[in-house]
Structure formats: structure tokens, C-alpha cells
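Read through the structure below, which is laid out as C-alpha cells, and then see the notes.
Quick note: the coordinates plus some simple rules give every number you see, no bench work behind them. All values reported here derive from a predicted model rather than from experimental measurement. Note: ideal-geometry Cβ built from the backbone for every residue, glycine included; neighbour counts use all protein chains shown.
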Amino acid sequence: MKIVLINGQNHRGSTYHVGRQLAEKLGGNIKEFFLPRDFGEFCVGCGGCFMKGERACPHYEKLRPITKAMDEADVLILTSPVYVYHVTGSMKAFLDHYGYRWMVHRPEEKMFRKQAVCISTAAGAGMKSTNKDMADSLFFWGIPKIYRYGVAVQAIKWDGVNGKIRKKIEHDTDRLAKEIRENAGKVKLGIKTRAFFFIMHLLQKKGFNETDRIYWKKKGWTGRKRPWK
Ligand SMILES: Cc1cc2nc3c(=O)[nH]c(=O)nc-3n(C[C@H](O)[C@H](O)[C@H](O)COP(=O)(O)O)c2cc1C
């Protein structure tokens, strides 16, 4: 199993430890990235990725190693500590760079077979909205199976996380790893993704822009072909 672990922070704190623990329990080849260390650019809002293609992005080359690792992975794990109820700025800036991959534009077909996990930790609250920040992108990229795991660690550092909470995390990551392993290679696309893709397929017959329209036509998705078949 190929796993890519993308951390929305540079440090190895509580969030990193939860994500790493899960990745190790899954077993296999783990590639990990830290943001902003491995990618720290902000979207400049040029719209080049949408209108001309992703290679027009001034950060395309810098982002390429992570894009490649994500495309090759079976499981994507995104982690972020809760910062004022949301993902870190680094994680948000990273996700902004894949707006062109949303189903409304040019989804990557490899995404329609993967599993993904959103992991967040907070001192007390905000995991739901933080995981949603990441899950929104994963869903609109076309990923069929998305797990969300948030934990209130009651601490600012991993060293400060008490035994009871660590035990709970161990238990939860055991359970989650088991579920992901069992689902490997057999994830089914949900009705929500199918419905959304269907609406996009109708819209892309005309297309919002030429780059998207040509992409969909070339893939055969404006006809009967589908990325998951
Ligand atoms: C800038 C900043 C904002 C934070 N905002 C929240 C918050 O909204 N809710 C919360 O419960 N904890 C908040 N925290 C605490 C962290 O989310 C929490 O300690 C988390 O477990 C840290 O994970 P890490 O060890 O991976 O850095 C914040 C911490 C920082 C540094």
C-alpha cells in the first residue's frame, strides 16, 4: 500500500504523531511532506491553472513532487492542527493550488479510486470544521472514501498529551487502519459524487472555459466514459 502523509505544519507535534501512527499501522510505503517546508507558496490568483492549464501556475514545478506522490498513492492522509477553528494557513495555501482539479474543472481520474483521511487535533474544539476544510477538497477531487478523525488532545504539545488520551488515539487509529485495509481496492463511489459528476458532465458539454471543455472531451467524459470505470 502506498501512503502519502501531508502535514499542514512543519513540526512533529500531536497532529503529526496521530497521522504517522495511522500511516505506520496501515503498513506499506510512506512518503511524507511538511507544509510549508516542502511547499509554502500562496496562490497568486492569476487564474492560469483554470484558464490555460496547471502548467501555467508559477508554482507548478515546486508542487510537482507532492502532486506525483498523491497521484501514485493508494491512501492520502492530510493532517492539520486546529488553528482558530480551521486548517493552518499552510494547508489552505496548499489546497488552493488544486482548485483546477475540482470536478467542476479538470479532475484527475486516479483520484476516483483512492481512500483519504483528514486528521486534526485541537486543544479543545474545532476539529469538525478543520477536517471539513480538508475533506471539501478531497471530495471535489473525486475521492470516493474519506475518513475524518479529530481529537481534542487538551494540550499544546505532544509531550503534554496524557496517557488516557494517547490510549484512545491508539485504539482509534487501530480501528481506522483496519477499516482502511479492509476497504483497499474495493472502494465504491457514492451517489453524491456520481450525481455531482453527472451534472458536471452536462455542463462541460458547453464548458466554462476552453481548457476544461477540451479536457473533458478528450477523456470521453462528456460522453459515456467515466473516470472510475
Ligand atoms: C494559532 C493557533 C490557533 C489555535 N486555535 C485553536 C482552536 O481554535 N481551538 C482549539 O481547541 N485549539 C486551538 N489551538 C491549539 C492547537 O490546535 C492544539 O494544541 C493542537 O493539538 C496542536 O497540534 P500540534 O501539536 O500538531 O501543533 C491553536 C493553536 C495555535 C498555535
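Summing +1 for each Lys or Arg and -1 for each Asp or Glu among the other residues whose beta-carbon sits under 13 angstrom from that of Tyr60 gives +3.
Just need the relative contact order of the chain here, percent rounded to a whole number, with Cα pairs under 8 Å and 6+ apart. Intermediate values should be presented prior to the final figure.
Details: 387 pairs, mean separation 50.6, N = 229.
Worked out over the chain, it gives 22 percent.
Working note: 222 nm ellipticity from helices only, DSSP H runs with n ≥ 4, each -39,500 (n - 2.57), summed and divided by the residues of the chain, gives -13000 deg cm²/dmol to the nearest 500. In the elastic network of the chain, a GNM with C-alpha springs shorter than 10 Å, the most mobile of Ala73, Ala177, Ala56 is Ala56.
Bridgeable aspartates and glutamates around Lys68 (alpha carbons under 15 Å apart, same-chain partners fewer than 8 residues away excluded): Glu32, Asp38, Glu54, Glu108, Glu109.
Identify the residues of segment 90-124 with backbone N under 20 Å of a label point that sits 7 angstrom from the Cα of Lys186 along the Cα-to-Cβ direction, or state none. Only 112-117 fall inside the zone, counting backbone N under 20 Å.
Among His171, His17, His86, the residue with the largest mean-square fluctuation in a Gaussian network model of the chain, with springs joining Cα atoms closer than 10 Å, is His171.
Bridgeable aspartates and glutamates around Lys186 (alpha carbons under 14 Å apart, same-chain partners fewer than 8 residues away excluded): Asp74. The alpha-carbon atoms of segment 105-208 define a convex hull whose volume equals 117 cubic angstrom per residue. Considering only DSSP beta bridges with both partners in segment 2-189, what is the antiparallel share in %, to the nearest 5? Percentage antiparallel, nearest 5: 5. Straight-line cross-link reach from Lys188 at under 20 Å between alpha-carbon atoms covers these lysines, not counting any fewer than eight positions away in the same chain: Lys2, Lys110, Lys114, Lys145, Lys178, Lys225, Lys229.
Over its Cα atoms, what ratio of radius of gyration to 2.2 N^0.38 Å does segment 10-84 give?
Working: Rg = 14.7 Å, N = 75, 2.2 N^0.38 = 11.3 Å.
Ratio of Cα Rg to 2.2 N^0.38 Å: 1.29.
If the limit is 29 Å between Cα atoms, which of Lys128/Lys192; Lys132/Lys217; Lys132/Lys164 go over it?
On the way: Lys128/Lys192 20 Å; Lys132/Lys217 31 Å; Lys132/Lys164 26 Å.
The pairs that break the limit, which is 29 Å between Cα atoms, are Lys132/Lys217.
How big is the charge dipole of segment 12-163 about its Cα centre, in debye rounded to the nearest 20, if each Lys and Arg gets +1 on its Cβ and each Asp and Glu gets -1 on its Cβ? Mind dumping the intermediate values first?
Details: 21 positive and 15 negative charges, 26 e Å.
My answer is approximately 120 debye.
Sorted from longest to shortest, the spans of the Cα atoms of segment 55-116 along the three principal axes equal 33, 29, 24 Å. Backbone N atoms of segment 2-18 closer than 15 Å to the 7 Å Cα→Cβ label point of Arg175 are not found in any residue. All C-alpha to C-alpha distances of the chain, sorted into 10 Å bins beginning at zero, yield P(r) values of 8, 32, 35, 19, 5, 1 percent in whole numbers. Comparing Lys132, Lys218, Lys25 in a Gaussian network model of the chain where C-alpha atoms under 10 Å apart are linked, the largest mean-square fluctuation is found at Lys218.
Calculate, in nm to one decimal, what Tyr60 and Ala152 gain on full extension: separation in residues at 0.36 nm each, minus their alpha carbon distance. Write out the running numbers ahead of the final one.
Details: separation 92, 0.36 × 92 = 33.12 nm, distance 3.54 nm.
Using 0.36 nm per residue and subtracting the Cα-Cα distance, I get 29.6 nm.
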